[in-house]
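To start, the structure itself, in structure tokens.
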Amino acid sequence: MSETRHTKTLIIGSGPAGYTAAVYASRAMLEPILVQGLEPGGQLTTTTEVENWPGDSEVQGPDLMIRMENHARAMGTEIIGDIINDLDLQQRPFVAKGDSGTIYTADSVILATGARAKWLGLPCEQKFKGFGVSACATCDGFFYRGQELIVVGGGNTAVEEALFLTNFASKVTLVHRRDELRAEKILQDRLFKNPKIETLWFHEVVDILGTENPMSVEAAKLKHTKTGETIEIPCKGVFVAIGHAPASELVSDVLETHNGGYVVVEPGTTRTSIPGVFAAGDLTDHVYRQAVTSAGMGCMAALDAEKFLAQTE
């Protein structure tokens, strides 16, 4: 027989947004339950050094998330290692079903399921992830001062990442499958005028080469999309910038979304199109996508939930 648990605030997701929401919800005496999801700790658990978290000149991503989790527990949050696979937002209390069989009912819900970077799908990509392969120039560009880098993609994200990386790299090669970028014209103009950036048309990455001890990227193998000819380009880092996909599968059919699935919130708040349901972090933020902004939105979501519950009671 399945167990049923009730809470004033159910938090789904365990990245910076989820854990920060948990701290604030606990302090507001909402006795929150946080369900961690498929990847406890979120995207930061796949990052090594983090140098842009306020108060830490350098911290390991997994260590930072363990600290956040411990903080939320210390405040009184009940943290459960479960995966929500069904969420009914058509009635209150809201009903969530866990993979464990547990049913969670809640007077309010904070969605903090995050987003996932889209990858190329190469085995070598997973092998070198965090050791020369990245999907976040803002997070990792600093580690490649004076190095040659590759950026893969042709949209706004790819162009912005390439431009940002010129602050550190000696050379950036933008690799694109076609001969025309999808990025905004003003961004393209900046890209083509930058002397540090070279654009390689009609090419795709088919392999990433490097050493294992220590783990390090040394080159990328590229294939011409028309002729099939392959070349190797020396580089110390490969930045995959083919977009992010918000983890909005649970709510995409009931909540308003935009820009490829990001949950829409009322400007200046975390309120979604359903009263009592709030969204924070990368699930709704398609612009900044930083740990610190996610944490700030987690705080906002908890305060919005507290206000909503006070008004409805």
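The values are calculated or read from the model by the stated rules, or taken from the named source; none is laboratory data. Computed from a predicted model, the values in this text were never measured in an experiment. Cβ atoms come from the backbone with ideal geometry, glycine included; neighbour counts cover every protein chain shown.
Could you tell me whether segment 261-272 includes any residue that is assigned to a loop (DSSP other than H, G, I, E, B), surrounded by 20 or more Cβ atoms within 10 Å (Cβ to Cβ) and of a type outside the set (S, T, Y)? Checked segment 261-272: at least one residue is assigned to a loop (DSSP other than H, G, I, E, B), surrounded by 20 or more Cβ atoms within 10 Å (Cβ to Cβ) and of a type outside the set (S, T, Y). Selection of segment 60-82 for residues being at pLDDT below 90 and touching a helix residue (DSSP H, G or I) at 6+ places or on another chain (Cβ under 8 Å) yields G61, P62. Residue count for segment 83-97 under the criterion of being basic (K, R) and either part of a strand (DSSP E or B) or crowded, with 18+ Cβ neighbours inside 10 Å (or both): the result is 1.
Quick check on S108: is it in contact with a strand residue (DSSP E or B) (Cβ under 9 Å, 6 or more places away or on another chain), at pLDDT below 95 and among the hydroxyl-bearing types (S, T, Y)? So S108 fails the test.
Mind checking whether some residue in segment 197-205 is assigned to a loop (DSSP other than H, G, I, E, B) and either under 23 Å from the mean Cα position of the chain (by Cα) or among the aromatic types (F, W, Y) (or both)?
Yes - at least one qualifying residue is present in segment 197-205.
Considering (1) surrounded by fewer than 21 Cβ atoms within 10 Å (Cβ to Cβ); (2) of a type outside the set (V, I, T); (3) under 24 Å from the mean Cα position of the chain (by Cα); (4) modelled with pLDDT under 95, the lone condition that F168 does not fulfil carries the number (4).
If only residues of segment 90-115 that are among the charged types (D, E, K, R) and closer than 18 Å to L309 by Cβ are counted, the one that is farthest from the chain's Cα centre (by Cα) is R92. Total residues in segment 1-42 satisfying the condition of being among the polar types (S, T, N, Q), in contact with a helix residue (DSSP H, G or I) (Cβ under 7 Å, 6 or more places away or on another chain) and surrounded by fewer than 24 Cβ atoms within 10 Å (Cβ to Cβ): the figure is 1. If you go through segment 1-23 and keep only what is out of contact with any Ser or Thr (no Cβ under 6 Å at 6 or more places or on another chain), part of a helix (DSSP H, G or I) and not polar (S, T, N, Q), you end up with G18, Y19, A21, V23.
A single member of L283, L309, L303 is within 30 Å of Q60 (Cα to Cα), more than 21 Å from the chain's Cα centre (by Cα) and not polar (S, T, N, Q), and it is L303. For segment 114-135, a residue qualifies if it is buried (at least 17 other Cβ atoms within 10 Å of the Cβ), part of a loop (DSSP other than H, G, I, E, B) and among the small types (G, A, S), and the qualifying residues are G114, G132, A135.
Close Cβ contacts (under 8 Å, 6 or more residues apart or on different chains) running from residues in segment 63-82 that are part of a strand (DSSP E or B) to residues that are surrounded by fewer than 16 Cβ atoms within 10 Å (Cβ to Cβ) comprise E78/E31.
The residue of segment 210-241 that is modelled with the lowest pLDDT, among those that are buried (at least 19 other Cβ atoms within 10 Å of the Cβ) and in a loop (DSSP other than H, G, I, E, B), is A241.
Conditions tested, residue by residue: (1) over 17 Å from P123 (Cβ atoms); (2) β-branched (V, I, T).
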residue: V205; (1), (2): no, yes
residue: L209; (1), (2): no, no
residue: M215; (1), (2): no, no
residue: K221; (1), (2): no, no
residue: G228; (1), (2): yes, no
residue: E232; (1), (2): yes, no
residue: K236; (1), (2): yes, no
